[in-house]
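See below for the structure under consideration.
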Amino acid sequence: MLPLKGKNVVLGVTAGIAAYKSVQVVSNLKKLGAEVDVIQTEHACNFVSPLSFQSISNRPVVVDMFKEPVSWDIEHIALARKADLFLIAPATANFIGKYANGIADDMLTTTVLATKAPVLLAPAMNTVMWQNPAVQNNIAVLKGRGVLFVGPDSGILACGETGAGRMSPPEEITQKVVDILNSKQDMQGLKVLVTAGPARESVDPVRFISNHSSGKMGYELAAEALSRGAEVCLVTGPTSLNKPAGAKLFSFNTTQELYNIMLKEAPLNDIVIQAAAPADFTVESYSPQKIKKQGRDTIELRLVPTKDVAKAVGEHKRPGQILVGFAAETQNGVENAKKKLKSKNLDFIVLNDITQEGAGFKGDTNIVTIIDENSLENLSLRLKREVAREILNKALDKINKADS
């Protein structure tokens, strides 16, 4: 099934070097069944020709407000009404400023101001420009009006500087469009807390003990909950992932820090999904100075247990609240997961057998088994976003039953 079949996306392309990526966005959307109409600003044509977009979209590209129209509809009104989603990629600082202040001086700004469709911006600009208070204020204004954002990413920019400002990859923008257009918005009014990423237990000022968690599963859960209208709190360990726009963020390094955050924040949420990987042990004695290698044949680290975060959250569970845990196992997975389900007062637990190819920490796919008191559901290899969707479906079903 084509997930965007019957949907129309109006794509606005502004004058940034990232405009070349937007050709791939059009191609991706077409392959998913969408009809795509492209509006380019005059200066955007200096980066990518209208013919390129026309060839990929199989639709005429609009640039000039005063050019003789292809049909006798008032073109900017017709496109504004036609759109199921209005996407601007790249969205320059110039466009963001004009849009935030209601300026309509070309076909693109005129059309986007006339639409009632959801609007999604993919910013792209120099990192200093992105950080400028005027730009950030304009972004805050737009977010306050319900405008959606994807990115920007961080990295080496076309200007040679390194930092935030790169337009998100076409695949990420495409996924965001799919999420918005297919969103059920069935979690509006719910507060969801998700934990993600690894804990780091410091040995000395330069070394720590950690695990292989990438945070991807937790971040996909947070993004999926946001796309379905939930108010999301993301409690994250150190990762290289982009934080989901719209989530309330808390950061932790150690298991103790995670414990402190969860005791305070977990009771405030309707659904708590603990996908983070806290440490089971920490060093008994932290060395305030770097431990030197010289003169040592061996080194002994004495480890002591950390506090059990999930158990503490379960002990403070309030009526009607849904608690979800994760279990990463290498043997006796179902048996061990069922023990955690009971001992930590969970409504259900998601079992990862990390020995299976395609499952586990760093990849974009997962293989899981969802276990509750009465059932066991195996989910075959699939994207972590799809796994996140199934987990939230299960949590939502349980919270609805608790309310009935």
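Angle check, please: helix 133-144 long axis (alpha carbons) against the longest principal axis of the chain (alpha carbons), in degrees 0 to 90, nearest 10.
The angle comes out at about 90 degrees.
Which of the trypsin sites (Lys or Arg not before Pro) across the stretch 92-147 are loop residues per DSSP, with 15 or fewer other Cβ within 10 Å?
Here the trypsin sites (Lys or Arg not before Pro) that fit, given the DSSP loop and packing criteria, are LYS116, ARG145.
For ARG207, what accessible area in Å² do you get when you roll a 1.4 Å probe over the heavy atoms of the protein chains, rounding to the nearest 10?
Its accessible surface works out to 90 Å², give or take rounding.
May I ask you to give the solvent-accessible area per residue for the chain, in square angstrom, as obtained with a 1.4 angstrom probe?
50
Among LYS292, LYS264, LYS216, whose mean-square fluctuation peaks in a Gaussian network model of the chain (Cα, cutoff 10 Å)?
LYS292
On the accessible surface of the chain, probed at 1.4 Å, how many percent belong to carbon and sulfur atoms?
Percent of accessible area from carbon and sulfur atoms in the chain: 50.
What's the angle, to the nearest 10 degrees (0 to 90), between helix 384-403's Cα axis and the longest principal axis of the chain?
With rounding to tens, the tilt is 70 degrees.
Express in Å², to the nearest 10, the accessible area of SER49 obtained by rolling a 1.4 Å probe over the protein heavy atoms while all chains stay in place.
My reading of the accessible area for SER49 is about 50 Å².
Which of the aspartates and glutamates could a cross-linker span from LYS339 if the Cα-Cα distance has to be under 20 Å and same-chain partners fewer than 8 positions apart are dropped?
Answer for LYS339, where 20 Å is the Cα cut-off: ASP280, ASP308, GLU315, GLU329, ASP347, ASP353, ASP372, GLU373, GLU377, listed by chain and number.
Answer with one residue from ILE173, LEU351, LEU32: the one whose Cα lies farthest towards the positive end of the charge dipole of the chain, charges on Cβ with Lys, Arg +1 and Asp, Glu -1.
LEU351
Charges at C-beta only: +1 for Lys and Arg, -1 for Asp and Glu. How large is the resulting dipole of the chain about its Cα centre, in Debye rounded to 20?
Numbers: 46 positive and 43 negative charges, 108 e Å.
Computed charge dipole of the chain: roughly 520 debye.
What FRET efficiency comes out for HIS43 versus LEU381 if R0 is 41 angstrom and r is the Cβ-Cβ distance? Round to the nearest 0.05. Numbers along the way, then the final one.
Details: r = 45 Å, r/R0 = 1.10.
Efficiency computed from Cβ-Cβ geometry: 0.35.
Just reorder GLU335, GLU315, GLU377 by solvent-accessible area, largest first, 1.4 Å probe, all chains present.
Values: GLU335 100, GLU315 125, GLU377 75 Å².
If we order GLU335, GLU315, GLU377 from most to least accessible, we get GLU315, GLU335, GLU377.
What dipole magnitude, in Debye to the nearest 20, does the stretch 244-362 give about its Cα centre under +1 on Lys/Arg Cβ and -1 on Asp/Glu Cβ?
Value, rounded to 20: 300 debye.
Would you mind checking the tilt of helix 255-265 against the longest principal axis of the Cα atoms of the chain, expressed as 0 to 90 degrees and rounded to 10?
Helix 255-265 and the main axis of the chain meet at about 60 degrees.
Pick out which of GLU373, GLU220, GLU201 has the largest mean-square fluctuation in a Gaussian network model of the chain, springs linking Cα atoms closer than 10 Å.
Result for the chain, Cα springs under 10 Å: GLU373 fluctuates most.
About its Cα centre, how strong a charge dipole does the stretch 127-248 have in debye, to the nearest 20, once Lys and Arg get +1 and Asp and Glu get -1 at the Cβ?
Roughly 280 debye for the stretch 127-248.
With every protein chain present, what accessible area does SER154 have (1.4 Å probe, heavy atoms only), rounded to the nearest 10 Å²?
Roughly 80 Å² of SER154 is accessible to a 1.4 Å probe.
Leaving ligands, DNA and RNA out of it, rank TYR286, TYR20 by accessible area with a 1.4 Å probe, largest first.
Heavy-atom accessible area, descending, gives TYR20, TYR286.
Running a GNM on the chain with Cα contacts under 10 Å, which residue among SER213, SER375, SER22 ends up with the highest mean-square fluctuation?
Answer for the Gaussian network model of the chain: SER375.
Within the stretch 389-404, what residues put their amide N at less than 20 Å from the label point 7 Å along the Cα-to-Cβ vector of SER183?
Within reach of a label on SER183: 389-397.
The values are calculated or read from the model by the stated rules, or taken from the named source; none is laboratory data. Keep in mind that what you see is a predicted model, and the values were worked out from it rather than measured. Positions of Cβ are backbone-derived with ideal geometry, glycine not excepted, and every protein chain shown enters the neighbour counts. Note: accessible area is taken over every heavy atom of the protein model, side chains too, but ligands, DNA and RNA are not part of it. Shrake-Rupley method; radii C 1.70, N 1.55, O 1.52, S 1.80 Å.
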